[in-house]
Amino acid sequence: MLASITVTWQNLADAMSLGAIYALMAVGIGLVFGVLRLVNFAYGQLVMAGAFALALAAQWNWPVWAGIVLCFAVVLVLSFAMDLLVFRPLRGHSPAVMLVATFAVAFLLQNIALLWFGALGKIASSVATLNQPWAISGVDIRKISIVSIVVAGLCLVALRLLIERTTVGLHMQAASMDFETARMLGVRANRVITFAVLLSGLLAGVVAVLLTVQNPLVTPDFALRDTIVVLAGVVLGGMNRIVPATIGGFAIGFASGLLGGALPTNQSQYLDSFLFAAVILVLLVRPGGLFTRARAAERV
Amino acid sequence: MRRVLGLQGLLGPVTLVVVAALAGTLVSASNQSYFTDTLVNVSIVTALYVFIGNSGVLSFGHISFVAIGAWTAGVLSVPASEKPATMPDLIHFLRTTTTGNLTSLALAAVAGGVCALVVALPLMRLSGLAAGIATFGVLEITHNVLQYENRIGPGLNTFSSVPETTGLRQAAIGAVLVIAVAWAYGRSRFGRLLRASREDSAAARAVGISVYRQRLIAFGVSGALAGFAGGLEVHMLPVNTESLYLDLTFITLAMLVVGGASSLWGAVVGALAVSALDSYLAVAENGTSLFGWQINLPSGTRELVVGALMAFVLIVRPGGLTGGREFRLPRLRRGPAA
């Protein structure tokens, strides 16, 4: 089945960059899960909103930096609103109810986009110059691939420092280990949660910028499939902790980028089936390492 | 625990379905399709309820079995003369076999049930979010395979020339049947054991209930009902892989949750209420008048309103409209305990 794989350097670079972007999304989803025990299915719609902001800015002929500022503003405001209107009232409900609720939010945002911009979508071409290839020792590699990897790496390092070295980061760590105890010891719940949600929104903004360069056509279902794949990757890696979640996100992005680019069409059309079959298999073989805390809570 | 699912638990939902069907006979032929569609939705949501409601485990995968049922019934009932033109790559057996309406529906239920059982064998070991993601994987795989496998169906094309036998009557009879099966399952030993495990998994295990086996049975039954509902659907309108995918998953889950996931009454009320709203908005998108006001909503409003409603109900009333209670006539309630 996989006999005719030919991997080129372009392939490898593209797969790495998709992995890097998925890793960022995984962190964004993992941060919120850490403090809220909530799987944010609507994360992709945050990215979609940011992408539409970029597309509008391009349409209005704004300079690139202004478009990016608008993108971040839109995503952050939306994250904040989501926390205030949906996450906060739902705090403490069962994970299933919260997951369905974010499903509803995702559906809602997608249809707002559909009403507003139509199904055909818009082109976000502001930073499209990054889509040009660089020739590195005879191999053409798209600039955006390298930029994505570098930007994602920087974001992850910065995040790591933030979580390890600052008070609010420490609070977040404590909250994701045991929220009740953390609160008793003086961690302010609303502040930590809002901070985590905004941080995750910030990452969604970064992802929106990187993804629109790779794929400038922004439609209402932009990043929807990516979110589903990232969610699967996050579950694979282990949702409770940021590092395994990030690695899971990277791995599934890398695998899907590599196989999607390398397999001939008549096989790559079944890529989704293989990916999700692998996800189900891993979930079955290693359920203990995944969702350990949630399972323990359910069992008692 | 309160006594659930007496005979009233059956009669309440059935009465609602019959009233909806009778109301459907009073409107114009073009609007009648909304009522038919609503009744098929009742079947799908009731099928979802059998597993999700009784077990308390979320499944995003049930639309797979609706799709499998639709594919089974659809492929088998397209007239043999049409098959070479619309589905040239069908395997020999499917190309040469054509069944009648009822047989195709029965086979749709069988296909849905068998597939659900096979999937459930490994999957029912999982619970919580892991189960949610895994069932999502099942949906993705089914969608992906049906999309590209031309040997078992139309692939990316839309089904054509399936006899349109699902009118108001067939949809109503189908919905009543599905409700009756769901009710009987809920009353049975299996339904009770599974609900016990939903209420307190540890206690259920302690008294010797195999949660795995009970979930397996419920998944199989609800898969069969979902397959049957898929058969009804394909006999109602031309479907394709996209119409049996994420949007339908979302809207049916919304109906279940809005109504109240843990009761049959909730499933039926939710399906009827959300479908009614959805249909009304669909009519309003084409222009209608309400109390003399001319209403002309832009297309896309219905999904918007339904999404907002679902989020709202979840936030304000996580138990759903019915609070997860079964239907019961207020008068027949026993007097206060002495």
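Every number here is computed from the coordinates shown, using simple stated rules; none is lab data. Computed from a prediction, not measured in an experiment: that's the story for all the values here. Please note: Cβ atoms are built from the backbone with ideal geometry, for glycine as well, and neighbour counts cover all protein chains shown.
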Practice item. Could you work out how far the C-alpha centroid of region B:40-119 sits from that of region A:30-83, in angstrom? Key: 40 Å
Point to revise | Helix axis angle, A:189-214 relative to chain A longest principal axis, alpha carbon, degrees | key: 10 degrees
Exercise for review: Take each uninterrupted DSSP H stretch in chain B, measure its Cα extent along the helix axis, and return the ones at 27 Å or beyond whose mean Kyte-Doolittle hydropathy is at least -0.5.
Suggested key: B:7-26, B:29-55, B:101-123, B:128-148, B:168-187, B:211-234, B:264-285
Review point. Once you put a point 7 Å from the Cα of B:SER28 and another 7 Å from the Cα of A:LEU271, both along the Cβ direction, what distance in nm separates them?
Key: 4.8 nm
Revision key, fill the gap. Put in order of increasing Cβ neighbours within 10 Å, starting from the fewest, B:ILE179, A:ILE163 give A:ILE163, B:ILE179
Check your understanding: What is the distance, in nm, between label points placed 7 Å from the Cα along the Cα-to-Cβ direction at B:VAL316 and at A:THR167?
Key -> 4.0 nm
Exercise for review: Provide a whole-number value for the mean count of partner chain Cβ atoms within 10 Å of the Cβ atoms in peptide B:140-150.
Suggested key: 4
Check your understanding: Looking at the square roots a ≥ b ≥ c of the eigenvalues of the Cα gyration tensor of region B:7-246, which shape do they give, rounded for a/c under 1.5, prolate if a/b is larger than b/c, or oblate?
Key -> oblate
Check your understanding: If one takes the longest principal axis of the Cα atoms in chain A, at what angle in degrees, from 0 to 90 and to the nearest 10, does the Cα axis of helix A:167-177 lie?
Key -> 80 degrees
Revision key, fill the gap. For chain B the mean separation of alpha carbon contacts under 8 Å (6+ apart) over residue count, i.e. relative contact order in percent, is 30 percent
Revision key, fill the gap. Helix A:64-82: inclination vs chain A longest Cα principal axis, degrees, rounded to 10, gives 30 degrees
Revision key, fill the gap. Extension length gain for B:VAL118 and B:LEU277 (0.36 nm per residue less Cα distance), in nm, is 53.6 nm
Revision key, fill the gap. Neighbour-count ranking for B:HIS92, A:HIS171 (other C-beta within 10 angstrom, fewest to most) reads B:HIS92, A:HIS171
Point to revise | Residues B:SER161, A:SER256, sorted so that the one with the fewest Cβ neighbours within 10 Å comes first | key: B:SER161, A:SER256
Revision key, fill the gap. So, with points 7 Å from each Cα along the Cβ direction, the B:ILE91-A:ILE123 label distance in nm works out to 4.6 nm
Check your understanding: Relative contact order for region A:151-300 using alpha-carbon pairs under 8 Å, separation at least 6, rounded to a whole percent?
Key -> 15 percent
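Calculate for the protein assembly as shown the 222 nm mean residue ellipticity that helices alone would give, adding -39,500 (n - 2.57) per DSSP H run of length 4 or more and normalising by residue count, nearest 500 deg cm²/dmol.
-23000 deg cm²/dmol
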